[in-house]
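The next block holds one structure in the form of structure tokens; read it before the comments.
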Amino acid sequence: MSTARSFEVGATASRSTLGNSVVVKGEIHSQEALIIQGEVDGSIEIAEHLLTIANTGKVRATVKAREIDVLGSINGQVEAREKIHIRNGAEFIGDIHSASIVIDEGGYVKGNIDLSRK
């Protein structure tokens with residue numbers, strides 16, 4: 001398996017960014033925090049890190065992450081080990097399984113929410 005970051009637009013030692021014009025169809029596995037500004041259709045696994053869906057980001061995926069911060073839109077099944085935060089203007093459609101959830105005024109959620117601590 002190659003260690004090259006083929007979809008990376010910008011990165012620091014602690015996070016990677018998929019830019020506005022990037023469209024990913026398939027699986028993403030990351031060992032660092034990830035910011036999605038473009039589109040992802042598939043699955044995302046960032047078990048130990050933060051996933052941020054920027055206000056321009058559109059995700060249709062099954063997602064597993066430590067924490068998820070949604071400013072854009074997401075449609076799918078989401079598992080956040082610690083917390084999911086739906087910001088003002090963000091849209092979430094699907095199922096959420098998390099230890100905690102924060103929904104800002106103006107955030108939209110449609111689906112099932114299961115809050116359970118392991």
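How many residues does the stretch 89-117 contain that are in a strand (DSSP E or B) and among the small types (Gly, Ala, Ser)?
Qualifying residue count for the region: 3.
Among the residues of the stretch 1-39, which ones are at pLDDT 90 or above, over 20 Å from LYS64 (Cβ atoms) and in a strand (DSSP E or B)?
Residue satisfying the conditions is VAL23 alone.
For the stretch 40-49, enumerate the residues that are surrounded by 20 or more Cβ atoms within 10 Å (Cβ to Cβ) and either touching a helix residue (DSSP H, G or I) at 6+ places or on another chain (Cβ under 6 Å) or modelled with pLDDT of 95 or more (or both).
VAL40, ILE44
Would you check if THR52 is surrounded by 20 or more Cβ atoms within 10 Å (Cβ to Cβ), at pLDDT 95 or above and among the hydroxyl-bearing types (Ser, Thr, Tyr)?
yes
The values are calculated or read from the model by the stated rules, or taken from the named source; none is laboratory data. Please read these numbers as outputs of a predicted model, since none were measured by experiment. Here the Cβ is made from the backbone with ideal geometry for all residues, glycine too, and neighbour counts use every protein chain on show.
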